[in-house]
Amino acid sequence: MKFKLSQQNHKILLNEIDRLKNGGSLNDVEPHTKEVVEALTGWPYQKHWGNNNISYEAKQRQKEDVS
């Protein structure tokens, strides 16, 4: 597996995270930024930023392991 992270893509990702933290909308993403995020993660852009159930499922598994 080859990762597509470069200095340029990393900067794009960090800028997008900052934009969203400062109240930016998912709907206002630049097309190139969306492509970079999807290429780096393998996920559709709209499934990022808490719009999935990954964290919920992990917490449920943790609860099951403890009991």
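The values are calculated or read from the model by the stated rules, or taken from the named source; none is laboratory data. No experiment lies behind these values; they were computed from the predicted model shown. Reconstructed Cβ throughout: ideal geometry from the backbone, glycine too, with neighbour counts over all protein chains shown.
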Test: residue in region 44-55 that is hydrophobic (A, V, I, L, M, F, W, C) and modelled with pLDDT under 90: yes
In region 30-56, how many are assigned to a helix (DSSP H, G or I), surrounded by 12 or more Cβ atoms within 10 Å (Cβ to Cβ) and aromatic (Phe, Trp, Tyr)? 1
If you go through region 5-16, how many residues are surrounded by 10 or more Cβ atoms within 10 Å (Cβ to Cβ) and over 12 Å from residue 45 (Cα atoms)? 8
Could you please let me know if residue 11 is of a type in the set (D, E, K, R), at pLDDT 85 or above and either assigned to a loop (DSSP other than H, G, I, E, B) or more than 11 Å from the chain's Cα centre (by Cα) (or both)? yes
For the structure I just gave you, tell me whether residue 59 is in a helix (DSSP H, G or I) and modelled with pLDDT under 85. yes
